[in-house]
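The values are calculated or read from the model by the stated rules, or taken from the named source; none is laboratory data. Quantities reported herein were computed from a predicted structural model and do not represent experimental measurements. Cβ: placed from backbone, ideal geometry, glycine included. Neighbour counts: every protein chain shown.
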Amino acid sequence: MAHNFDLVIIGGGILGTSLAYFLSHLNKSKQIAVIEQAHDVAFHTSGRNTGKVHAPYLYNPEKKKMFAKAAYHGYDMWKIYSKLKDLPFKEDGVIEVSRDKKGTKVLEKYLKWGKENGLQDEEINLLSKSELNKIEPEIKCDAALQVYRDASTDYSVLTKSLMKDSKQNGIKFLLDTKVTDLKNREGKWKITLNHEHEIFSNFIINAAGGESIDIAHKVDIAKNLTDVHFRGEYRKAPKEYNNLTKTSVYSVPEFPDYPFLDPHWIIRVDGTCEIGPNAVPVFSPYGYKRSENIKEFVPKMLEMLGSGARKAIFDKQFQELAINEIQSSMSKSAMIDRVKKFLPKIDADKITEKGTAGIRSSVIDEKGKFVPDVVLIDDSMSFHILNYNSPGATGALPFSAHIINRLNENGFFRNESPDSQCGPWKFSDIIEKIST
Ligand SMILES: Cc1cc2nc3c(=O)[nH]c(=O)nc-3n(C[C@H](O)[C@H](O)[C@H](O)COP(=O)(O)OP(=O)(O)OC[C@H]3O[C@@H](n4cnc5c(N)ncnc54)[C@H](O)[C@@H]3O)c2cc1C
């Protein structure tokens, strides 16, 4: 193993691996490594999500412009990449329902946002209850947004393919390897791995997902921010429900300022159906099991009480919502009842199996507010991507290209061939699309 790198990416999720993919095409002779503590890429959130390639109708074009653009172009890019590599990508659309007039007003806003974010008239449509029921007779609603430009995939499979391509182009993936310490030593990073080995790098990109805040704090960055982790749980529906609807169904979230979405009716890329996710507060980005949460409870509580998260966790509405979510974790009918509001035929007794839970880490500022957008922090020797949440998997390819271009333009990490062909795309074409 080379001990000196030009650049090290911390985190082999879909974001770190997408960054590696582009860097591998733009830098043939530089030494670049991705460090991932799990035994494979996309082992955590990137491989444990709903698997939707989202159309950008949920995102305010003024406040979440970059995310909306990344989602819009991400759709085309995943479609092209999946076709090229023969990977799962099903253009199956999505339906977003409102259950009352207030919700329908929100759908009208989503329709406007969707179009402002690039969706064409034929890709998104607001339907009345009777119009929807002609297509989807089992759904109960006031109105519905039918979105054709939405797809299903398996992001774990896509990430593994990107890793394979990046490795062929010379990027090293150090798996089962955790970054346990980072020190700036005379203009180079000394990176300790698994508490024992040391490597050195000129530059680091922090794409560590649920640990990205901790990595930033280790190098004295983003000390004003902290995070709270939420476990999104799923329940698998039996085969007899596979044709209950033709399309996945989401409902208008009741509290969009909080990281609690109402669970959806999901048709996965393999045709199986699930209900979820909820958002149960947990104490670790890997808090899938009780033992991990017990281990992390005291340090995480102390960290939260000493930061802006203190205000958030003492907020009455947050507490009420969190209790709801905890109930929906302990009682399966509490979660299923939320979906029954728009799909009344579902019988909770028939839903017995749990799905694979994934954890979302939401960043909180010093005022106790959930930060609504991704946070990007440039430093002369490091770059930090914090709060990279939904639809992060959808937008990972164009978003990574944007970051690499930004590092190149700011002179922090210059690419050897800044306009190479990167698989099916010319790098400058991607940048042009997401910059306009
Ligand atoms: C329940 C749920 C459903 C979602 N559904 C969708 C969806 O349908 N569509 C969509 O587009 N998005 C969805 N998202 C969002 C999407 O999954 C995330 O935005 C995306 O996966 C984030 O990718 P990432 O690479 O930043 O993080 P991660 O996948 O968490 O990767 C970060 C990696 O860094 C590694 N790491 C951390 N610290 C260290 C360290 N010290 N040393 C070594 N390695 C380290 C971790 O092991 C991890 O593998 C969903 C998210 C959740 C939680």
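With the condition kept exactly as written, say whether any residue in segment 202-213 is touching a helix residue (DSSP H, G or I) at 6+ places or on another chain (Cβ under 9 Å), of a type in the set (F, W, Y) and within 15 Å of the ligand (Cβ to nearest atom).
no
Filtering segment 74-92 down to residues that are part of a helix (DSSP H, G or I) and within 13 Å of the ligand (Cβ to nearest atom), which residue is farthest from A393 (Cα to Cα)?
Result: M77.
Consider segment 1-34. How many of its residues are more than 21 Å from the chain's Cα centre (by Cα), within 16 Å of the ligand (Cβ to nearest atom) and part of a loop (DSSP other than H, G, I, E, B)?
Residues flagged as more than 21 Å from the chain's Cα centre (by Cα), within 16 Å of the ligand (Cβ to nearest atom) and part of a loop (DSSP other than H, G, I, E, B) within segment 1-34 amount to 1.
Just give me the residues in segment 409-436 being in contact (Cβ under 8 Å) with a residue 40 or more places away in the chain and part of a helix (DSSP H, G or I), in sequence order.
Residues satisfying the conditions are F427, I430, K433, I434.
Take segment 114-148 and flag every residue that is assigned to a helix (DSSP H, G or I), touching a Leu at 6+ places or on another chain (Cβ under 9 Å) and buried (at least 20 other Cβ atoms within 10 Å of the Cβ).
G114
Please verify whether segment 86-99 includes one or more residues that are over 25 Å from T45 (Cα atoms) and at pLDDT 95 or above.
yes
Do you know which residues across segment 310-335 are surrounded by 12 or more Cβ atoms within 10 Å (Cβ to Cβ), more than 19 Å from I359 (Cα to Cα) and not polar (S, T, N, Q)?
R310, K311, D315, A334, listed by residue number.
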